[in-house]
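Before any comments, here is the structure.
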Amino acid sequence: MIFAALLFFLLCRASVAQFPPIGIIDFYGMRTITERQVRQALQIKEGDTLSRQPKDARRRLEALPGVVEARLNFVCCDNGKAILYVGVREKGTPATEFRSAPDGTVRLPRDVVQAGEEFQKALTKAIEKGDSDEDQSRGYAMAHDPAVRAVQATFITFAARDLSLLQSVLQRAADPRQRALAAQILSYAGNKRTVVTDLVEGMSDPSAETRNNSMRSLWLMAKFAQQAPEANIQIPMEPFIAMLNSIEWTDRNKASLALLELTGKRDPAILAMLRAEAFLSLVEMARWKSPGHAYSGFVLLGRVGGLAEDEIQAAWDGGYRETLIRKVMEKAKSN
């Protein structure tokens, strides 16, 4: 599931008809309305194959009592079938706020834009072949697929040659696709400390794709920082906590992955913040049916509940997810 969100954005630019049949439907954001109500309004079920953009489904969801806004996110793939994530935000729950869209005329060089297009084509072909593995050990992604990896190798060159321009594009370019590509390439910078602030700012971008790429870059850097403390890469955790409550699935997905790395030392203040601000979001994410998407939320919930790492992993490996989730919920009620 490494490239799931990246492929999500590629397919969103194409036709929904390219998605395989839906194998999983999962939900988030429900606080007072029930899954049954949401399913009745959705009028999409497991096994369906979509032939058009489901705009009517979103309108029906937003007509439910107490629902302010809704999102449908299609992700590929679990056992060859699509996953549909249905998110709602109810009245009384805070909206995640993003900065206004920039309107600057700064643009990336043509060779960088072309490399981005080549990456998208190569990535789609790689995933169609079932090759989604990548090496993340250096704080950036290098795919197993040779065509994808060849394009990513050019990103290292661009990050060195155009660092200040990439930072400027991420902050000020009017074109959201250019901002998203800049955020992706910035993870390939030689001195990662110089781009942390830019990528954290990218997390507040109005474009979901730009936020996704900014958080993915920070996640890869956070993984690297755990293995190379001498690099002294400091990544703030608070912005990721806010993203766990976002109505956009990609925000939640990347935030949970980053926090999985960043909370390894179990800072009590951060765990307390997670408990206070995102507890219910972690519960619903831990229950997602796709293991690749549920794992980070599940581990974070266990850490928030004060459980040992071996207990969390044993519950996961043994298939006792719900038992551990209920244990943490009962513990939270008693505190």
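See the values below:
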quantity: Hey, Leu300 in contact with a helix residue (DSSP H, G or I) (Cβ under 9 Å, 6 or more places away or on another chain) and modelled with pLDDT of 95 or more or not; calculated: yes
quantity: The listed residue being within 28 Å of Arg71 (Cβ to Cβ) and exposed (fewer than 15 other Cβ atoms within 10 Å of the Cβ), out of Ala308, Ala276, Ala314, Ala242; calculated: Ala276
quantity: Sole exception among (1) crowded, with 19+ Cβ neighbours inside 10 Å; (2) at pLDDT 95 or above for Ala225, by number; calculated: (2)
quantity: Total residues in the range 144-203, condition farther than 20 Å from Thr105 by Cβ, surrounded by fewer than 17 Cβ atoms within 10 Å (Cβ to Cβ), touching a residue at least 24 places away in the same chain (Cβ under 8 Å) and not aliphatic (A, V, I, L, M); calculated: 3
quantity: Selected residue (criterion: surrounded by the fewest Cβ atoms within 10 Å (Cβ to Cβ)) from residues of the range 26-58 that are in contact with a Phe, Trp or Tyr (Cβ under 8 Å, 6 or more places away or on another chain) and within 21 Å of Asn245 (Cα to Cα); calculated: Glu35
quantity: Wholly within the range 1-69, helices (runs of 4 or more DSSP H) carrying at least 2 residues that are under 21 Å from the mean Cα position of the chain (by Cα) and modelled with pLDDT under 75; calculated: 4-12
quantity: Count of the range 100-143 residues which are among the basic types (Lys, Arg) and either assigned to a helix (DSSP H, G or I) or surrounded by 20 or more Cβ atoms within 10 Å (Cβ to Cβ) (or both); calculated: 3
quantity: Residue match in the range 74-87 (condition: at negative phi, in a loop (DSSP other than H, G, I, E, B) and outside the structural domain of Arg211 (by TED's automatic domain parsing)); calculated: no
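For (1) more than 19 Å from Phe27 (Cα to Cα); (2) of a type in the set (Asp, Glu); (3) part of a helix (DSSP H, G or I), each residue gets a yes or a no:
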| position | (1), (2), (3) |
| --- | --- |
| Met285 | no, no, yes |
| Gly292 | no, no, yes |
| Gly302 | yes, no, yes |
| Leu307 | yes, no, no |
| Glu311 | yes, yes, yes |
| Trp316 | yes, no, yes |
| Arg326 | no, no, yes |
| Met329 | no, no, yes |
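The values are calculated or read from the model by the stated rules, or taken from the named source; none is laboratory data. Please read these numbers as outputs of a predicted model, since none were measured by experiment. Glycine also receives a Cβ, built like all others from the backbone with ideal geometry; neighbour counts cover every protein chain displayed.
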